[in-house]
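The values are calculated or read from the model by the stated rules, or taken from the named source; none is laboratory data. Computed from a prediction, not measured in an experiment: that's the story for all the values here. Positions of Cβ are backbone-derived with ideal geometry, glycine not excepted, and every protein chain shown enters the neighbour counts.
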There are 2 protein chains.
Amino acid sequence: MKNIIIASTSTVHGSDYLEYLLPELKIHFRNCKTILFIPYARPSGISHEEYTTNAASAFAKINIAVKGIHEYDDAALAVKNAEGIFTGGGSTFVLVAQLYQNNIITALTEAVKNGTPYLGTSAGSVICGLSMQTTNDMPIVYPPSFKTLGLIPFNLNAHYLDPDLQSKHMGETRETRIKEFHAYNNIPVLGLREGSWLKVDGDKIILKGQLAARVFKQNQAAEEIETGTDISNLK
Amino acid sequence: MKNIIIASTSTVHGSDYLEYLLPELKIHFRNCKTILFIPYARPSGISHEEYTTNAASAFAKINIAVKGIHEYDDAALAVKNAEGIFTGGGSTFVLVAQLYQNNIITALTEAVKNGTPYLGTSAGSVICGLSMQTTNDMPIVYPPSFKTLGLIPFNLNAHYLDPDLQSKHMGETRETRIKEFHAYNNIPVLGLREGSWLKVDGDKIILKGQLAARVFKQNQAAEEIETGTDISNLK
């Protein structure tokens, strides 16, 4: 039975890394002494070691040890044996390329479907969707496919940002980009604002945190959904 | 001898489509009765026909006719025979996928290298660089490669946006994303603000418009360059 937290961001403004989520994570990973960290997304290009140290510092506050997947010879086996798994944010393109290169797409999908508690933040959340095609990231590396884990039956836009009505900038808004996605694809997209997360229990998916989220479907007007809403039927 | 205008945006705030560029385009396309329009990037998913009509309305103001590439049976031949070429903005991913699918990457590169006057705006400018890897667009379709025309020896970030120092949003700034690109690639990147353009005459590349641009090189601090600067040596 799936047991997943899918968070828009690791960090909310003015607060430490993962701080706002720690009470939730203490419950989520209550049966874990050590969790496996997947640092592949490397925000700002930091090393796997440095990124794992950052994650370990946050989890130390709730007495959980963290080990980086790069410390294992067999990445797929590390995933299979993990008590819990956390995939951090950074570049979705780099993350997905590395998941394919290290051949752990299947192992990760199966482990989480079989009940290994999983936490994703930002890029680590985007990969829970059907494809990474609604990421905000730059295509800095070329992954062999945009297909991702499909742990939820829709796509995510993390760090969802409302249009700035005062802006004189002519670049596309986030909503415009998601509408362009729907000119070519019929997968629903959930715009998850910073501080929001999804809690997946089996097939049940609930929006958590303080904020509403925005649902985009092909050929339909976008819709706001309140926190606490059951979105298990979004597909 | 190359003769190219590479513009950050088609439209500046408060002005009509291409309006700010028309005096320049009148000179640039002075020997053209008709130009070939490449509407593949389809902003907001509009049709090739509708997008071509929009481009034609703007060029009518300087007495130049516009024909869409989709109106020809042989796209490569249309490119080869064109008096002038304009590639409009929209999704860089859709544009690049279509350039490959219609097999016109080589024809387009050769025509422009041989002197056919070319205008790019936004996505139509990004493809002039070595790769599309510094686009801001969502990966809404999967192109067979990120490699682009290489008409200039660096990459572009169109609609370049300075960090908003007041923002509480935790998503990456444009500068952070470009730095992440440089964790994996050594191609210089020019951040071209809206209202700026590059004028390419043979091997000479000059920054035009009112604004400075921002140059990013691997392992170096970013640098501002003033309008009028010759950046032919950026490589």
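Looking only at residues in region A:162-184 that are part of a loop (DSSP other than H, G, I, E, B), at the interface with another protein chain (Cβ under 7 Å from one of its Cβ atoms) and not charged (D, E, K, R), which one is surrounded by the fewest Cβ atoms within 10 Å (Cβ to Cβ)?
Per the criteria, the residue is A:169.
Just to be sure I understand, how many residues within region B:12-32 are within 14 Å of chain A (Cβ to nearest Cβ) and in contact (Cβ under 8 Å) with a residue 12 or more places away in the chain?
8
Out of region A:1-23, which residues are on the phi > 0 side of the Ramachandran plot and modelled with pLDDT of 95 or more?
A:18
Counting only residues that are facing chain A (nearest Cβ under 7 Å) and under 21 Å from residue B:214 (Cα atoms), which one in region B:138-161 is nearest to the chain's Cα centre (by Cα)?
B:159
Could you give me the residue pairs with C-beta distances under 7 Å whose first residue belongs to region B:33-54 and is within 14 Å of another protein chain (Cβ to nearest Cβ), whose second residue is among the polar types (S, T, N, Q) wherever it lies, and which are 6+ apart or on separate chains?
B:39/B:52; B:40/B:98; B:41/B:91; B:41/B:92; B:42/B:91; B:44/A:176
Among residues belonging to region A:116-132 that are in contact with a helix residue (DSSP H, G or I) (Cβ under 6 Å, 6 or more places away or on another chain) and not aliphatic (A, V, I, L, M), point out the one that is farthest from the other protein chains (Cβ to nearest Cβ).
Per the criteria, the residue is A:117.
Just for region B:11-25: of the residues that are surrounded by 14 or more Cβ atoms within 10 Å (Cβ to Cβ) and out of contact with any helix residue (DSSP H, G or I) (no Cβ under 8 Å at 6 or more places or on another chain), which one is farthest from residue B:110 (Cα to Cα)?
Among residues in region B:11-25 that are surrounded by 14 or more Cβ atoms within 10 Å (Cβ to Cβ) and out of contact with any helix residue (DSSP H, G or I) (no Cβ under 8 Å at 6 or more places or on another chain), the one farthest from residue B:110 (Cα to Cα) is B:20.
In region B:199-215, is there at least one residue being within 11 Å of chain A (Cβ to nearest Cβ), modelled with pLDDT of 95 or more, part of a loop (DSSP other than H, G, I, E, B) and closer than 29 Å to residue B:38 by Cα?
No, that holds for no residue.
In region A:71-119, how many are crowded, with 22+ Cβ neighbours inside 10 Å and in contact with a Pro (Cβ under 7 Å, 6 or more places away or on another chain)?
6
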